[in-house]
Each structure stands twice: as structure tokens, then as C-alpha cells.
Amino acid sequence: MITVAGREMRVSDFSTGFRGSSVEKEIINTLISSGRQYSYDSAEQLEFELKLRREIVVSSYDLNKSGLRFEVFRKTFCNPFYWNRTQDGGFSLKSNVRPSDAILDIYRNGQKYGTECATAMMAVYYKALLNVYSEKLFNKVFPRIELMNWHRIDRLLKDVGYMQRRDDYLPGDRRYFSNPDVNPLTPEWQGENVIDLGGGLYYGHGIGIRRADSIIAELNQNRSRNADEYARLVDSAGRPDFKRLALAR
């Protein structure tokens, strides 16, 4: 159920004059049919979440086409014009460049970057926010960016790093495929961070855009010889605090 300023919304409320993408319509249908109540202070707050979730999906498709390479942390690399590579394999924004330019460069010159899946997830969220905010606002809100994993994350995006069981899973969520019996010789296959794209599709850096069964099959090919536990999609998700991000505008 969706409520906006205390009023319950129905599907018909979105059918007139609503030109949202299929992603937004999937989100609305899921929320309205849910047994949980999703409350918004205003229509603008709901519209912001729908738009940002759509842009997370769009940015995932774009990153998949960017040429960004998969590398484990010890072998990561980045464009030194915009980023400093840290000792542990992360990317730290240089002080003399605009944050928006540095994020855009990952998408425009992906071949100059190589990293693992968690860093790629954060690049997706930053690019989506850049698409929703103006460049001026984005640079004001995110003056210092460090790309790596959930241990080094901006306070406004910290919720992306917390995996929690959800009543509903939506396009734009960060999900995780776990491979508990991974081959110790290929620890990079211990799991895959992905973005839920809607329609049963997921984007994972290095594995591409696939359905859940295809990702699970790929992970299962990289288990230890005596493995007795199969890879699986974990019943939890990380997602940004959309209301907090909306207030930052």
C-alpha cells in the first residue's frame, strides 16, 4: 500500500497523466499490492524515489556498456587524471577535479578502469544521482568521493551498504548472490553484488546482465571440489535512503 500525505493511493491514481517507464510502473504495482505500508510526505517525494530508481537501472545498463573491466582489488586501475588509486585498491577523487566529471569519465572511458563488483555498484548509484541532481548540486552534495566497498562510503549513501531482509524487492535495490562453497583458488567468485533491474534481470559487474538462474549457474561452476551448498540469491537488499536524498536537493 502507498500513502501520500496520509491518503491511500490506488493504481487509477497513476493511470491518468502518468508517463513513467516500465521500471516505474513495476515499482508502483509492487508497492500498491504490498501488505506493507509505504508512506510519503508528498507526491514529489514519491516521484523522486521513482525517478532515482529508474536512473539506477539506466546507469546499470550504461556501465555494462562502458568497457569497465573486472579486476580484483590488488589489480585495480583508474584514470589518474581524475582519481588516485589507494593502497587497498580503491579510487579516491583528486582534489583538483569536479566530482561530476570524474563519475562521468568512468562511463565515457571505461577502458581506463578496472575494479570489482562492489566498487561498480557505487559508481552506478553516484551516476544515477548525477542524472537526477544538477551537476552543481551533485558537486555540492558529494565534494569528496571514494569508490571501493561498503567500508568507505558517503554518509548519504551508507544505507546501500546495509543488507536487510525486505518485504518487497524493487528495481534499483542492491542484491547479492552468495556462493558459500567457492573454490579457494578463485575467491573472487564467492559472490556477486548486483543491481535489480526489474523484469527478473540483474546487473553484476563482470558477469553482465542476466536472470537469477544464469548468475547462480555461473557461480556454481566456481565451487570447491567437495561443495555441498549451491549458490543462491540472498533474501535481503541494500537501498539508499531515498527520502534523505530527496531532502538534499
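Would you kindly work out the equivalent ellipsoid of region 89-131 from its C-alpha gyration tensor and give its semi-axes, the square roots of five times the eigenvalues, largest first in whole Å?
15, 13, 11
Rounded to the nearest 0.05, what FRET efficiency is calculated for Val141 and Arg7 with R0 set to 45 Å and r the Cβ-Cβ distance?
E(calc), rounded to 0.05, equals 0.90.
For every other residue with a beta carbon closer than 10 angstrom to the beta carbon of Leu201, add +1 if it is Lys or Arg and -1 if Asp or Glu, then tell me the sum.
Charge balance near Leu201 sits at +1.
Mind ranking 119-130, 171-182, 34-45, 88-99 by how tightly packed they are, going by the mean number of other C-beta atoms within 10 angstrom, highest first?
Going from most to least packed, we get 119-130, 171-182, 88-99, 34-45.
How large is log10 I(q)/I(0) at q = 0.09, 0.11, 0.13 Å⁻¹ when the Debye formula is applied to the Cα atoms of the chain, each weighted equally and without solvent?
-0.41, -0.60, -0.83
Suppose every Lys and Arg Cβ carries +1 and every Asp and Glu Cβ carries -1, with no other charges. What dipole size does region 174-233 come out with about its Cα centre, to the nearest 20 debye?
That gives region 174-233 a dipole magnitude of about 120 debye.
Name the long-range amide H neighbours of Val4: under 5 Å, sequence gap of 5 or more, or other chain; modelled H, no Pro or chain starts.
Counting only residues 5 or more places away or on other chains, the set is Met9, Tyr40.
Placing one identical point scatterer on every Cα of region 174-233 and ignoring solvent, what is log10 I(q)/I(0) from the Debye formula at q = 0.16 Å⁻¹?
-0.43
Under the √(5λ) rule applied to the eigenvalues of the Cα gyration tensor, what semi-axes describe the equivalent ellipsoid of region 109-249? Give them in Å, descending.
Result for region 109-249: semi-axes of 29, 17, 13 Å.
When Lys and Arg each count +1 and Asp and Glu each count -1, what net charge do the other residues less than 14 Å away from Ala217, Cβ to Cβ, add up to?
Neighbourhood net charge equals +1.
With each pseudo-label sitting 7 Å past Cα toward Cβ, what's the Asn131-Glu47 distance in nm, one decimal?
The modelled label-to-label distance comes out at 1.8 nm.
Are there DSSP H segments in the chain that both extend 18 Å or more along their axis (alpha-carbon positions) and score a mean Kyte-Doolittle hydropathy of at least 0.0? List them, or say none.
Helices passing the filter in the chain: 117-132.
Would you work out the charge dipole size for the chain about its Cα centre, treating the Cβ of every Lys and Arg as +1 and the Cβ of every Asp and Glu as -1, and quote it to the nearest 20 debye?
With only Lys, Arg, Asp and Glu charged at Cβ, the dipole is about 660 debye.
In the chain, what is the count of Lys pairs whose alpha carbons are under 23 Å apart, counting only pairs at least 8 residues apart or on separate chains?
Final tally of qualifying lysine pairs is 29.
Out of Cys78, Asn29, Met9, whose Cα points farthest toward the positive end of the dipole of region 1-78 (charges: +1 Lys, Arg; -1 Asp, Glu; placed on Cβ)?
Toward the positive end, the furthest listed residue is Cys78.
Can you find, among Ala248, Gly238, Ile207, the residue sitting farthest towards the positive end of the charge dipole of region 193-249, where Lys and Arg contribute +1 and Asp and Glu -1 at Cβ?
Of Ala248, Gly238, Ile207, it is Ala248.
Identify, among Asn193, Gln164, Val58, the residue whose Cα sits farthest towards the positive end of the charge dipole of the chain, taking +1 on the Cβ of Lys and Arg and -1 on the Cβ of Asp and Glu, with the dipole about the Cα centre.
Val58
What do you get when you divide the Cα radius of gyration of region 156-197 by 2.2 N^0.38 Å, with N the number of residues?
Normalised Cα radius of gyration, region 156-197: 1.38.
Just from its helices, what would the mean residue ellipticity at 222 nm be for the chain, if runs of 4 or more DSSP H residues each count -39500 (n - 2.57) and the sum is divided by every residue, rounded to the nearest 500 deg cm²/dmol?
For the chain, the value works out to -10500 deg cm²/dmol.
Taking the Cα centre of region 38-132 as the origin, how large is its charge dipole in debye, to the nearest 20, when only Lys and Arg (+1) and Asp and Glu (-1) carry charge on their Cβ atoms?
That gives a dipole near 520 debye.
Since every read-out is calculated from the coordinates, none of them should be taken as a lab result. Fair warning: this is a prediction, and the values are worked out from it, not measured in the lab. All Cβ positions, even for glycine, are placed from backbone atoms using ideal geometry, and neighbour counts span all protein chains on display.
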